[in-house]
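Q: Got a structure for you, written out below as structure tokens; questions coming shortly.
What follows is calculated from the coordinates using simple rules that are stated; it is not laboratory data. For clarity, every value in this text was computed on a predicted model and none was experimentally measured. Heads up, the Cβs are rebuilt from the backbone with ideal geometry, glycines too, and the neighbour counts pull from every protein chain shown.
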Amino acid sequence: MEVSAAGLTDVGRQRQVNEDHFLVDALRGLYVIADGVGGHKGGDTASRLAVTVVGDYLSQDVLEAIAGLACEVDRRREARGVLVNAAEAANRAILQAATTSEELDGMGCTLLVALLSGHSLYAIHAGDSRAYRFRDGKLEALTIDHSRVALLVTRGHLTVEQARLHPMRNLITKAAGLHEELKPDFTVTSLRAGDWLVLCSDGLWEMLTDDRIAEIIRLGKDPEQVVGALVSTANRAGGRDNITAIVIRCLREDEDF
């Protein structure tokens with residue numbers, strides 16, 4: 001499937017350091033977002049390292065081997081294996097780097113890795129960086145946050161809007177660099193021409209409701225324009241954190257961005 005994609009990151013209005021890093025590689029169909037935790041220097045180092053390790057691990061040859069599999073069940077199994085292994089490699093690299101300096105001790109990052117292959121999106125995530133699909137005017141979350149408030153929402157103790165303002169909303173329960181094993185969640189989503197995908201750090205979705213994100217996509221012309229509008233709107237809403245977004249458009253035959 002032909003796609004057009006764009007990514008953007010911004011420090012926001014209340015932070016001095018941008019601890020988010022991302023990768024957009026449409027040729028490989030590979031998209032990564034990492035959001036640092038554990039202090040300015042540590043968070044920045046962890047997220048940069050995670051994106052680098054994942055990008056190196058998922059080489060063109062590895063991803064072409066997945067795309068070449070004829071059976072969807074085989075593609076899904078192989079994609080899950082290589083994405084999880086890439087995330088675990090990033091986890092080990094962060095843990096190792098954290099032993100080299102007291103300033104880096106305890107560092108970590110959220111991690112979202114998405115692979116577009118054929119008519120499917122294969123993704124793994126750890127933390128509260130999110131993936132969405134916009135189809136037929138509706139925005140659907142493809143990931144579930146690894147956080148205290150997400151668990152409370154799942155159990156019916158909080159509404160989505162209450163969770164957005166909850167004092168523990170930033171307490172994540174899973175991230176690269178926290179434990180010896182990362183064990184990210186894996187998801188598969190079907191794609192078709194006309195779909196939009198949004199991958200983002202919490203600096204975006206905490207500032208913008210799902211309805212607002214959907215409205216911006218609905219009015220958008222192309223991924224570069226949409227990603228710019230998302231980030232600028234999040235900044236106008238307060239920009240409390242670093243803001244990173246990747247926007248992907250699954251093209252129709254008559255489209256050419």
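Q: Taking amide H positions as placed 1.01 Å from N in the peptide plane, with prolines and chain starts having none, which residues 5 or more places from ASP185, or on another chain, fall under 5 Å of its amide H?
A: HIS125
Q: Right, something else. Evaluate the distance, in nm, between pseudo-label points positioned 7 Å from the Cα of LYS41 and of LEU219 along their respective Cα→Cβ axes.
A: 4.3 nm
Q: Go ahead and collect, in residue order, the members of the range 194-219 whose backbone nitrogen is under 18 Å from a label point 7 Å along the Cα-Cβ direction of GLN14.
A: 201-209
Q: Let me ask another. Report ³J(HN,Hα) in whole Hz for each residue of the range 57-64, in order, from the Karplus equation J = 6.51 cos²θ - 1.76 cosθ + 1.60 where θ = phi - 60°; Gly and Pro get x.
A: These are the phi-based 3J(HN,Hα) values: 5, 8, 6, 4, 5, 4, 6, 5 Hz.
Q: In nm, give the distance between the simple-model label positions of ASP61 and SER4, each being 7 Å from the Cα along the Cα-to-Cβ direction.
A: About 3.5 nm separates the two model spin labels.
Q: Would you work out if the range 2-106 is rounded, prolate or oblate? Take a ≥ b ≥ c from the square roots of the eigenvalues of the alpha-carbon gyration tensor; rounded if a/c is under 1.5, else prolate when a/b is larger than b/c, oblate otherwise.
A: It is oblate, given that a/c is not under 1.5 and a/b is not larger than b/c.
Q: Separate question: Considering just Cα atoms, how many Å³ per residue does the convex hull of the range 96-249 enclose?
A: On the way: hull volume 21.0 nm³, N = 154.
Hull volume over Cα atoms, normalised by residue count, gives 136 Å³.
Q: For the chain, what does the relative contact order come out to in percent, with C-alpha contacts under 8 Å and a separation of six or more?
A: RCO, the chain: 28 percent.
Q: Using unit Cβ charges (K, R positive; D, E negative) and no other charged atoms, how large, in debye to the nearest 20, is the dipole of the chain about its Cα centre?
A: I would put it at about 660 debye.
Q: Report, in whole Å, the centroid distance computed from the Cα atoms of the range 1-74 and the range 164-227.
A: 13 Å
Q: THR187 to THR159: extension gain in nm, 0.36 nm per residue of separation minus the Cα-Cα distance?
A: 7.7 nm
Q: Can I ask one more? Classify the range 116-197 as rounded, prolate or oblate from the Cα gyration tensor: take a ≥ b ≥ c as the square roots of its eigenvalues, call it rounded if a/c is under 1.5, otherwise prolate when a/b beats b/c and oblate if not.
A: The shape class here is oblate.
Q: Amide H of SER120: which non-local residues (sequence gap of 5 or more, or other chain) have their own amide H closer than 5 Å, using H built in the peptide plane?
A: Hits under the 5 Å cutoff: LEU191.
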